[in-house]
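Here's the structure, in structure tokens; my notes come after.
Nothing in this text is a laboratory measurement; each read-out follows from the coordinates by a stated rule. The structure displayed is predicted, hence computed values, not measured ones. When we count neighbours, we look across all protein chains shown, and the Cβ atoms used for this are built from the backbone with ideal geometry, even at glycine.
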Amino acid sequence: MTEWFSDLDSFSQFFWIIAGISSLIFVFVIITSFAGIEGADDFDDFETDIGIEFQFITFKNLIGFFTIFGWIGIAGINAGFSKPVTVITAFGCGLLMMAIMAAMFYAMKKLTDSGTLNYNNAINAIGEVYLTIGANRSRMGKVSVRVQGSLRELEALTDALTDLKSGTLIQVIEVTSNGILIVNETKKPIEPIKTETYELPPNTTKL
């Protein structure tokens, strides 16, 4: 394996290194995302809460770019393309992959958010953190709350001074104009103790 790689010219080695590393990271990101492992959302730290739902440059999209860039470059070399044509073709296919991934995630989010859901109905709802929320609105997370009769996973921020970890009970205190929940940590509401009352039978004894 080492001899095979060392026999390649530097141009081919460049594309093989990019394709190999990015492919491993791409597979890892996809597995963690679908498995729902805590911290998987940290891969999108490049995203910022600027009110734009369609995000082209994210960590996942960049990994998709380099994965396609590397493999298309290898394919171009094997096809006998010149170096400029190989680089331009690989770069263009990488950008196309980023656009496809961005559009796919955007469409999936729209499908999730479509319908007659009114986010304001979530105010005062009690729920649970699904993906860790960064302190002082530093990182967006997700919460599971019951809204309009169904349990939903919605994006959320917090003004708390510490991160709200997965499993933390929260209460929705506000909703932003673009549908982001603002939550605070809360405690499970204490249910009132149920008491039973008994009626004494009428006194039938005559004095």
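For Val147, what residues show an amide H to amide H distance below 5 Å, using hydrogens built from the backbone and excluding near sequence neighbours?
For Val147, the qualifying residues are Arg152.
Name the residues whose placed amide hydrogens come within less than 5 Å of the amide hydrogen of Asp163, ignoring near sequence neighbours (fewer than 5 apart) on the same chain.
Ala135
If packing is taken as the mean number of other Cβ atoms within 10 Å per residue, what is the order of 68-78, 117-127, 153-163, highest first?
Answer by packing, highest mean first, reads 68-78, 153-163, 117-127.
In whole Hz and in residue order, list the ³J(HN,Hα) couplings for segment 162-178 that follow from phi through the Karplus curve 6.51 cos²θ - 1.76 cosθ + 1.60, θ = phi - 60°; x for Gly and Pro.
10, 4, 9, 6, 4, x, 6, 6, 9, 10, 6, 10, 7, 10, 6, 5, 9
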